[in-house]
1. Can I get the semi-axes of the range 273-389's equivalent ellipsoid? Compute them from the C-alpha gyration tensor as square roots of 5 times the eigenvalues, in angstrom, largest first.
2. Ranked from highest to lowest mean number of other Cβ atoms within 10 Å per residue, what is the order of the peptides 393-400, 209-216, 97-104?
3. With every protein chain kept in place and ligands, DNA and RNA left out, what is the accessible area per residue of the chain? Probe 1.4 Å, answer in Å².
4. Enter the accessible area of Glu417 (Å², nearest 10), with the probe set to 1.4 Å and all protein chains included.
5. Quick one: Debye curve from the C-alpha atoms of the range 382-446, no solvent, what's log10 I(q)/I(0) at q = 0.21, 0.23, 0.27, 0.29 Å⁻¹?
6. Can you find, among Met394, Ala434, Ala304, the residue farthest towards the positive end of the dipole of the range 302-437? Put +1 on the C-beta of Lys and Arg, -1 on that of Asp and Glu.
7. Short version: ³J(HN,Hα) in whole Hz for each residue of the range 139-146, in order, from phi by Karplus 6.51 cos²θ - 1.76 cosθ + 1.60 (θ = phi - 60°), x for Gly and Pro, what are they?
8. Which whole-Hz couplings ³J(HN,Hα) result when phi for each residue of the range 404-420 is put into the Karplus expression 6.51 cos²θ - 1.76 cosθ + 1.60, θ = phi - 60°, listed in order with x for Gly and Pro?
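The values are calculated or read from the model by the stated rules, or taken from the named source; none is laboratory data. It should be emphasised that the depicted structure is a prediction, and the values quoted were computed from it without experimental measurement. Here Cβ is always computed from backbone atoms with ideal geometry, including for glycine, and neighbour counts include all displayed protein chains. Remember, those area values only see protein heavy atoms, side chains included, never the ligands or the DNA or RNA. Shrake-Rupley method; radii C 1.70, N 1.55, O 1.52, S 1.80 Å.
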Amino acid sequence: MKPFVSIPKRTLRGRIRVPGDKSISHRALMLAAAAVGRSRITGLLEGEDVLRTAAALRALGAAILREGDGAYRVDGVGVGGLTEASEVLDLGNSGTGARLLIGLAATHPFTSFFTGDASLCRRPMARVTAPLSRMGAQFVSRGNGRLPLTVRGAAMPIPVTEKLSVPSAQVKSAILLAGLNAPGETTVIEPEPTRDHTEILLRHFGAVVKSEEAPEHAGEKYRHGRAITVMGFPELSAKDVVVPGDPSSAAFPAVAAILAEDGEVVIENMGANPLRLGLYETLLEMGADIEFSNQRVQGGERVADVTVRASRLKGVDVPPMRAPSMIDEYPILAIAAACAEGKTAMRGLSELRIKESDRLAAIAEGLASCGVTVEKLEDGLVVHGTGRKPGGAMIGTHFDHRIAMAFLVLGIAADDEVTIDDAGMIATSFPGFAELMNGIGAEIKAAP
Ligand code: S3P
């Protein structure tokens, strides 16, 4: 356990770049591995989650070499060209790494063994194994469809049309990646649009991917959704990928600057895919001063520089429909809400119970220990902000990187320091978090 403390500070200023986008980093490695030839990836997130994916892909036959900070060379094996790993694939803490790789492995005719850390071994995998079984893969897992699990990949994969019961980019992506090595068209119908990095990168590497409104016969639940189709057996060819900064990581310095008395931080080169910007939309509604500039498109992904300034926030109702576009940002939104004036209601969040920790419980418990009034709903939270900035507690992070970072941000803004019980997991998504925050005026350090 590495307890850390965050000391209150008035001023946060600077220009920063946050580490590469985690979702895009996993996918860039996987698609470069599935392409023919040599791809170069720059800006790759060198967090533990992504490094686990790289190690698993190496074990499956791709050559992946680090050439410098965030710079990787991948010699791909072509669609269907992965080979049986001689070791167990351990994805550590990473749900994305595990679920997407299970998808890839599901249509390769060999056996793979997957495991992860204690948190990952608690998370549901049936959401991917059920559709992948319909494509012909076979699975043996612990009870309840948890890791460790074994995949016997289909020798004659069957293309499917799958209607997702939950809006999950991980499940969508697992099926689309499996569809690469299946004949014909594999289609996923999602109830609400989720992050589309897989679709964007698939096209970048040369696959044919259609994305259209969900058909009417899919039913009322899919009224706002999309149908995404990948054509099987594409010729993916090596491409270079430049990974933008992760908007989910940028959320922490952004909210810290907004809550500071004297705050102005520019986050350069942040990924600005509209399906990832729900938090920024919500903060704007709360009254935050946020400006997007220098907007551009890079390898199909939107990128921008984002300036955030100290602001007085008010509570809002966050529409449940927005959840997929800010699913990882509720911990930091709850911190902003605790410091805002009035009530902020967040609903439609049952997925938060099965992230790296039960985030609904962890947020509610952490805020309550700082003296904030929080109502815990079955699928959400209501945070009662008073305009004061509460702190002064020891927070249980439940080994969850985003809970850890969110409460360290509260410590910067608060009247009293905040201590977290463990900062060890932060490196899964945001290596160098404390150093970067301290570079703009925070004081985050190992607790005595
Ligand atoms: C991710 C999708 C989201 C998100 C996770 C990354 C991805 O999970 O919480 O951190 O890269 O596809 P779900 O698809 O389970 O919602």
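1. Numbers: eigenvalues 128, 65, 24 Å².
Ellipsoid semi-axes (Å, largest first): 25, 18, 11.
2. Values: 393-400: 21.6, 209-216: 13.9, 97-104: 28.5.
Packing proxy ranking, top to bottom: 97-104, 393-400, 209-216.
3. Details: 16150 Å² over 448 residues.
Here the per-residue accessible area is 36 Å².
4. Roughly 90 Å² of Glu417 is accessible to a 1.4 Å probe.
5. -0.86, -1.00, -1.24, -1.33
6. So the residue furthest toward the plus end is Ala304.
7. Working through the residues one at a time gives 10, 10, 9, 5, x, 6, x, 9 Hz.
8. Karplus-based 3J(HN,Hα) across the range 404-420 equals 4, 5, 4, 6, 5, 5, 4, x, 5, 7, 6, 6, 9, 4, 10, 10, 10 Hz.
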